[in-house]
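J.: My questions will all concern the structure given below.
The values are calculated or read from the model by the stated rules, or taken from the named source; none is laboratory data. Everything quoted here is computed from the prediction, not taken from an experiment. For neighbour counting, all protein chains shown are included, and Cβ atoms are generated from backbone atoms with ideal geometry for every residue, glycine included. When the accessible area is computed, the model is the full protein with side chains, heavy atoms only, and any ligands, DNA or RNA have been set aside. Shrake-Rupley method; radii C 1.70, N 1.55, O 1.52, S 1.80 Å.
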Amino acid sequence: MTEVHWFDMAHPADYAGLQALIGDPDSVARLAVLVKTEGHTATNDFARQLSRTALDPLLAPWTAAGRAVAVLANGCEGVATPGGYALIERRPTRPQDDPGLRLGIARSAPLPPAVIGEPEAIDAVAACVTAACADAGLAADQVALAILKCPTLLASRCAGSPHRSDQHRGRAIAALGAAVALGEIERARIGPDAIANDPTLHSAKAMTFAGPEQDAVEALVLGHADGAGDPGGALRLGVCHPRDMLDAASIRRLAVSLGLRFDEAGGLTEPERLLAVFSKAGPTPDGRVRGARTGIFTSAYSADSHMRAAQSGLLGSLFGSTRFFVSGDPIQQAPPGGGVVALIVKGQP
C-alpha cells in the first residue's frame, strides 16, 4: 500500500519532517520525495543544489538499491507552504493482485553531457518511464500520472549550446519521452524541431521538471492496477487539465469525481481525505487570461512567479490549505495557457 504524507520545511535543507515520516528505515521498500522549496528559479538560484545536498545522504540507502527517487523544484510564491510529499511503500511489498494505488520508480544511468538537452534524451526518458511502469507492475494504460525530473546543464558547462541548459526545453524532452513510453505519441513523429515548439504533441499523463542539480533522469509513476480505482478506505488518484489559471471548476469537478464533497459555503466537508495536490500551470504566450490583458509579462517579477502566486490563491481558496505542490511551465503537457492538476484522495471506509 502506498502512503502519502506532507512535511513542512523551515529552509531548503530541512528534512527533519521527512526523517520522522520514514521512521524505521528497514520498513521502507520504495520511497519517492517531491519537494517545493523557496527560491526565485533563475539560473543563479542554487536552492535546489542545497536541498539536494542535504537530501541525498538521507536517501542513500535506498538510492543505491534503486529504491528511491527525488524531484526538487523551486518557488513558493503566494500562500504556498515550503515543503514536500513523501510517497512510501512499506515492507512486505505489495501482492501482485493488489488493485490499490501503485507506485513505481526508476532512475536512469547518468546522461552524458553531450546527450543532455538533445533529442537522444527523449529515448533515455522513455526507457526510464518504462522501467518505472515495470517496477509498479502497471501497464502503460494503467498509469494515471508520470512525474519526471530531467537533467540540464549549468550554463557554464555548455558554452555555445545554451539549449542544453534550458529548463523549458528539458521539461519538454521529459514530457515527450513520457508520451512515447505511455503510448501517447509514436517516437517517429517527434522531430528535432518539435521539442518545446509543437503544442500538438503532448502527454496527458505527465508532469515534468528539469534542473542541473542531477545528472540522470528520475521517474515515478502512479496508477491503479485494475484501471478503475481502489477498494473502500484506500487511495484514489485523478488528473484533470484546467483550460487556464482561473479554471477552478475543472479542479472542483475532479475532486467531486474522487469522492470529495463541498458544503454550501464551498468548503471541503472532509479535508483530511485530500492527501496531495499537484499543479502545473502557465500563462498564454501573450499573457492574456480569458481575453483580457494582464501584467504577467510587463512586471519586474517573472511570469512563473505570477503563476505560482495565482495558483496558490486558487488552490488555497478551493481546498482551505496552503500545503500543495505548485509548479510552472507545462510545456507539452497541456495546451498553451492550460495546465495539469492531480489529486490523491483517501476513499471512504
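J.: When the chain is modelled as a GNM with alpha-carbon springs shorter than 10 Å, which of Thr130, Thr298, Thr53 fluctuates the most?
T.: Maximum fluctuation in the GNM of the chain, among the listed residues, is at Thr298.
J.: Give me a comma-separated list of calculated 3J(HN,Hα) values for the stretch 259-267, in order, Karplus coefficients 6.51, -1.76, 1.60 applied at θ = phi - 60°, integers in Hz, x for any Gly or Pro.
T.: Once θ is set to phi - 60°, the couplings for the stretch 259-267 become x, 7, 10, 10, 7, 5, 8, x, x Hz.
J.: Which whole-number percentage describes the relative contact order of the stretch 149-270, with Cα contacts under 8 Å and a sequence gap of 6 or more?
T.: It rounds to 24 percent for the stretch 149-270.
J.: Taking N as the number of residues in the stretch 272-346, what value does Rg over Cα atoms divided by 2.2 N^0.38 Å take?
T.: Computed over Cα atoms of the stretch 272-346, the ratio equals 1.15.
J.: Among Leu201, Val256, Gln167, whose Cα projects farthest towards the positive end of the dipole of the stretch 159-314, with charges put on the beta-carbon of Lys, Arg (+1) and Asp, Glu (-1)?
T.: Leu201
J.: Taking springs between alpha-carbon atoms closer than 10 angstrom, which of Ser156, Ser317, Ser27 fluctuates most in the Gaussian network model of the chain?
T.: Per the Cα network of the chain with a 10 Å cutoff, Ser156 tops the list.
J.: Among [x] 32, 62, 6; [y] 32, 58, 10, 0; [z] 25, 42, 29, 5, which is the computed P(r) over Cα pairs in 20 Å bins from 0, in percent?
T.: So the structure-derived entry is [x].
J.: Only Cα pairs within less than 10 Å get springs; with that Gaussian network setup on the chain, which residue of Ala309, Ala126, Ala16 has the largest fluctuation?
T.: Maximum fluctuation in the GNM of the chain, among the listed residues, is at Ala16.
J.: If you stretched the chain out fully between Arg293 and Val79, how much longer would it get, using 0.36 nm times the residue separation minus the C-alpha to C-alpha distance?
T.: Result for the pair: 74.7 nm of gain on full extension.
J.: Can you give me the orientation-averaged projected area of the convex hull built on the Cα atoms of the stretch 304-345, in nm²?
T.: It is 3.3 nm².
J.: Where does the charge balance sit around Gly320 when Lys and Arg score +1, Asp and Glu -1, over other residues with C-beta under 14 Å from its C-beta?
T.: +1
J.: Relative to the present Cα-Cα distance, how much length would full extension add between Leu154 and Arg91 at 0.36 nm per residue of separation?
T.: 18.8 nm
J.: Round to a whole number: what % of the accessible area of the chain belongs to carbon and sulfur, probe 1.4 Å?
T.: C and S atoms contribute 56 percent here.
J.: Quote the relative contact order of the chain in percent (integer), defining contacts as alpha-carbon pairs under 8 Å separated by 6+ residues. Working shown, then result.
T.: Details: 825 pairs, mean separation 72.7, N = 349.
About 21 percent, as a whole number.
J.: Accessible area of Thr81, 1.4 Å probe, to the nearest 10 Å²?
T.: Counting only protein heavy atoms, Thr81 exposes about 30 Å² to solvent.
J.: Another question, then. Grab the beta carbon distance between His11 and Ala300, set R0 = 22 Å, and tell me the FRET efficiency rounded to 0.05.
T.: 0.30
J.: So what's the net charge close to Cys133: Lys and Arg +1, Asp and Glu -1, counting the other residues with Cβ under 12 Å from its Cβ?
T.: 0
J.: Ok, one more. Step through the residues of the stretch 71-84 one at a time and calculate ³J(HN,Hα) from phi using the Karplus curve (6.51 cos²θ - 1.76 cosθ + 1.60, θ = phi - 60°), rounding each to whole Hz and writing x for Gly and Pro.
T.: Along the stretch 71-84, the couplings run 10, 10, 9, 9, x, 10, 4, x, 10, 7, 7, x, x, x Hz.
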